[in-house]
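Shown next, in structure tokens, is the structure this report addresses.
The values are calculated or read from the model by the stated rules, or taken from the named source; none is laboratory data. Here the structure is a predicted model, which means the values were calculated and not measured. All Cβ positions, even for glycine, are placed from backbone atoms using ideal geometry, and neighbour counts span all protein chains on display. The area values use the complete protein model at the heavy-atom level, side chains included, leaving out ligands, DNA and RNA. Shrake-Rupley method; radii C 1.70, N 1.55, O 1.52, S 1.80 Å.
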Amino acid sequence: MNGAESIVQTLLDADVTTCFGNPGTSEMHFVAALDRIAGMRCVLGLFEGVVTGAADGYGRMADKPAATLLHCGPGLANGLANLHNARRARTPVVNIVGDQATYHRELDPPLTADTEGWARGVSAWTRTAASAATVGLDTATAVQAARSSPGRIATLIAPADTCWDEGGVVAKPLPVPPPPTIAPHRIAEIARLLRGGEPVLLLLGGTALRSAALEDAYRIAEATGARLMAQQFNGRVERGQGRLPIRRLSYGVAPSLAELAEFRHIVLIGATPPVAPFAYPGKPGHLAAPGTSIHVFARPEENMPDALARLADELSAPKLAVPRAPQGAGPGRGNVTQEAVTQTLAALLPDNAVVVDESVSFGRLFFNGLAGAAPHDWLQITGGAIGSGLPMATGAALGAPGRRVVSLQADGSAMYTVQALWTQAREQLPITTVILSNRKYAILLGELDNVGANAGKVALDMLTLDNPAIGWVGIASNLGVEAARAEDMETFADLFTAANRRPGPFVIELTI
Ligand SMILES: Cc1ncc(C[n+]2csc(CCOP(=O)(O)OP(=O)(O)O)c2C)c(N)n1
């Protein structure tokens, strides 16, 4: 057995069964090993941002890591932005990065780079393998690191000779510690705070946004008068009918300041303290009102469902059915507006869908507006690095087999990783993509004002995508995904319904 074979077998033994990859010369032995060892689902991405974004979507839905296969420092570097998003989502990912053979590196051939340096910025665990005999154990250690709560990026750099040399040793899966449970005194402290009668917000993130945990959070809120909100950026939220219609802190400094103004205390449950996404001249960075106390109840790596259940019991909060979210008025009609698209999605979302949200400015109403839709999971861009939506949808489809993925995608962001559509076609994945085609960087037009910049013609031209106009029906069909355009709500509703009944992918270009 060579080193590459020991990597693949060790991954499989640790239940890492999907590999998104874009290989080069240094990964040829890994690729060859895939034929000799059965069981790994290999998915080719035509750019590394697709590979890493797909691993993010997969890990969010499967609750276990996929592997990526990347080529040397530059291949990893191409994938860094979506690894950044995955890190912010706390998604488990195992990167296998091939590199120059140990003894060849000193010759400094073209693809030699500071691979470890590039890996470290996004990885909780980074190691360069030293030999074929030890690369199996390195692989098992990488999986252990990735699976450690709350989910981490682990990057194993495998020089070519550690893959092709004989003497590979398959390593047994290493134990993954369960998420730590919080100490009883913290339950007692927060219970005391909640009984105190002051206005308290429970700000939720991470696994606190899964449906059972949300039910316990609702019991606590009903028993004490505390309010509930999800933080702004979340890896995954379980939503729709039968689940708590929790609202999310708004994007934008003014609305989030208003939403947080009334609270004397904010209790963090897997969330981070609310801050503005950027500094804006004359505006605060912290979004909580001055004088608000911030309390950490559960850190992101701690066992939040357990913490919430114990807190609800400590408060003797009765079991309650979660309230029903209001049903919408049915599909929107006529002109394409934010409200009408929200209504149509809420009415026609397939049961048990996975929604991937990179809708940027047009989709501001989507999250709250779909609270009454059929049950679904909501995945959003978490690290602000656009170009995550199409790859994330691709990976989510593989991480949640049997479920329709609905990918709500702004056009400018879609262009970063448009190659993902080709992978969706090649794998015949059940994904409906709605391209929200406004042919501009609309959000940045607002940001010009928000930062107080005076824009002239050159500046405005930098934010406009209509010269030439991007034709999404052509792009999608040339990448193998059938597509059609909608310019009114009736056509959109028809296309959306038909797309969701297909076995494979479909793209709707919605002119907004
Ligand atoms: C990797 C990365 N590059 C650049 C940006 C800056 N940026 C933020 S939003 C945006 C444009 C978004 O345009 P689009 O996706 O069409 O959405 P819209 O604003 O039109 O709703 C850009 C370039 C970013 N967030 N991430």
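Only protein heavy atoms count here; on that basis, with a 1.4 Å probe, K457 has an accessible area of about 150 Å². Accessible area per residue (1.4 Å probe, heavy atoms of protein chains only) ranks S131, S388 as S131, S388, with the largest value leading. For the stretch 189-205 versus the stretch 160-187, the spacing of their alpha-carbon centroids is 36 Å. Spin-label pair N335-D114: with each label point 7 Å from Cα along the Cα-Cβ axis, the two points sit 5.3 nm from one another.
Largest to smallest in accessible area, the residues L11, L107, L174 fall in the order L107, L174, L11 (1.4 Å probe, all protein chains included).
Sequence-distant contacts, meaning Cα pairs under 8 Å at least 6 residues apart, place the relative contact order of the stretch 344-501 at 22 percent. Each of the peptides 182-190, 72-80 was scored by the mean count of other Cβ atoms within 10 Å over its residues; in descending order, highest first, they stand as 72-80, 182-190. In a fully extended conformation the segment linking A212 and Q327 would gain 39.2 nm over its present Cα-Cα distance, using 0.36 nm per residue. R105 sits with roughly 90 Å² accessible to a 1.4 Å probe, with DNA, RNA and ligands left out of the calculation.
Between V169 and D449, what FRET efficiency follows from the Cβ-Cβ distance if R0 is 56 Å, with the result rounded to 0.05? Could you put the intermediate results ahead of the total?
Values: r = 60 Å, r/R0 = 1.08.
Efficiency computed from Cβ-Cβ geometry: 0.40.
Measuring only protein heavy atoms, the 1.4 Å probe finds W422 accessible over about 70 Å².
Which whole-number percent is the relative contact order of the stretch 184-314 (Cα, under 8 Å, 6+ apart)?
Contact order relative to length: 33 percent.
Report the residues of the stretch 410-449 in range of a label on D461: point 7 Å along Cα→C-beta, backbone N strictly under 18 Å from it. Once the point is set 7 Å along Cα→Cβ of D461, 440-441, 445 turn out to lie under 18 Å by backbone N, inside the stretch 410-449. Seen from every direction in turn and averaged, the convex hull around the alpha carbons of the chain projects onto 24.9 nm².
When a/c is below 1.5 the answer is rounded, else prolate if a/b is larger than b/c, else oblate, so apply that to the stretch 149-293 with a ≥ b ≥ c taken from the square roots of the Cα gyration tensor eigenvalues.
The shape class here is prolate.
Placing R0 at 30 angstrom, the Cβ-Cβ distance between E106 and S131 gives a FRET efficiency of 0.95 after rounding to 0.05. The stretch 211-270 and the stretch 1-80 have their alpha-carbon centroids 36 Å apart.
Here the 3J(HN,Hα) profile of the stretch 457-469, calculated from phi with Karplus coefficients 6.51, -1.76 and 1.60 at θ = phi - 60°, is 5, 4, 4, 5, 4, 5, 10, 10, 10, 9, 9, x, 5 Hz, Gly and Pro shown as x.
You can think of it this way: the chain between I294 and R501 has 69.9 nm of extra reach, that is 0.36 nm per residue less the Cα-Cα gap.
Its relative contact order, with pairs defined as Cα atoms under 8 Å and 6+ residues apart, puts the chain at 15 percent.
Computed per residue of the chain from DSSP H runs no shorter than four, each worth -39500 (n - 2.57), the mean residue ellipticity at 222 nm is -11000 deg cm²/dmol. For the chain, the fraction of 1.4 Å probe accessible surface lying on carbon and sulfur atoms is 54 percent. Annotation: for a label point projected 7 angstrom from Cα along Cα→Cβ of V176, residues of the stretch 1-43 with backbone N closer than 16 Å are 10-19.
Accessible area per residue for the stretch 410-463 is 47 Å², calculated with a 1.4 Å probe on protein heavy atoms, without ligands, DNA or RNA.
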